[in-house]
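One structure is given below, encoded as C-alpha cells.
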Amino acid sequence: MTKTEQNLLEAFAGESQANRRYLAFAKKAETEGYPQIAKLFRAAAEAETVHALAHLRVLGQVKSTAENLKQAIEGETHEFTSMYPAMIDTAKEEGNKAAKSSFSYANQVEKVHADLYQKALDNMEALEETDYYVCSVCGYTCEKEPPEKCPVCGSKSKKFFKVD
C-alpha cells in the first residue's frame, strides 16, 4: 500500500468519525435548546460525509452491490466473531460495565446485520421491498415492523425508528 493510500484510509476514518461525532453534538445541542447550533453541526456532518465518500471512491473501495454486500458480511462477521468478543472481555476485566454493555449490544446486532446482508445477497434479484427499523438504544435492526420488545436490549417498540 502506498503512503497516499494509507493517507486516504486515515482521512476516510477521520472524516467518518467526525460525521458521527457532529451528529451526536447536534442531538445534544437540540436537547439543550440550541437548534441553530444543531443545524450547524448537521451541516458540517454532511460535509464530512462528502469528504469521506470522496476518499473511499478514490481508494476504489466502492464496487458492485454484490461485492459490497460480501465485504459488508465479512466486516460484520469479523466484528461479532473477533473484535467485539475481545473488547467485551477487556471491559469485563477492567470492570467497565457501561463499555461492556455497549460492546455487547453492538456484538449481538452485528450478527443480525451480517444475516440481513446475506439475505440481500442471496436474493438480490428478487428481494422483497420492506421497511427496516432500528432500536435507538442498542441498534438492533429488523424488517417489516419493530417487535414489541427488542430482543437485544429489551426496549419497547416505541424506541424503534423507521429507516427511510
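FYI, it's all coordinate maths here, none of it is from the lab. Keep in mind that this is a model prediction, so the values were computed, not measured. Cβ: placed from backbone, ideal geometry, glycine included. Neighbour counts: every protein chain shown.
Side notes on the structure shown:
- All positions within segment 125-156 that are of a type in the set (A, V, I, L, M, F, W, C) and surrounded by 12 or more Cβ atoms within 10 Å (Cβ to Cβ): Val134, Cys135, Val137, Cys138, Cys142, Cys150, Val152, Cys153
- Candidate set: segment 17-71, residues that are charged (D, E, K, R) and assigned to a loop (DSSP other than H, G, I, E, B); chosen: the one nearest to Tyr117 (Cα to Cα): Lys63
- Positions within segment 116-159 being farther than 17 Å from Ala106 by Cβ and assigned to a strand (DSSP E or B), in sequence order: Tyr132, Tyr133, Glu143, Lys149, Lys156
- Of the residues contained in segment 83-96, none is found to be in contact (Cβ under 8 Å) with a residue 40 or more places away in the chain, not in a loop (DSSP other than H, G, I, E, B) and not aliphatic (A, V, I, L, M).
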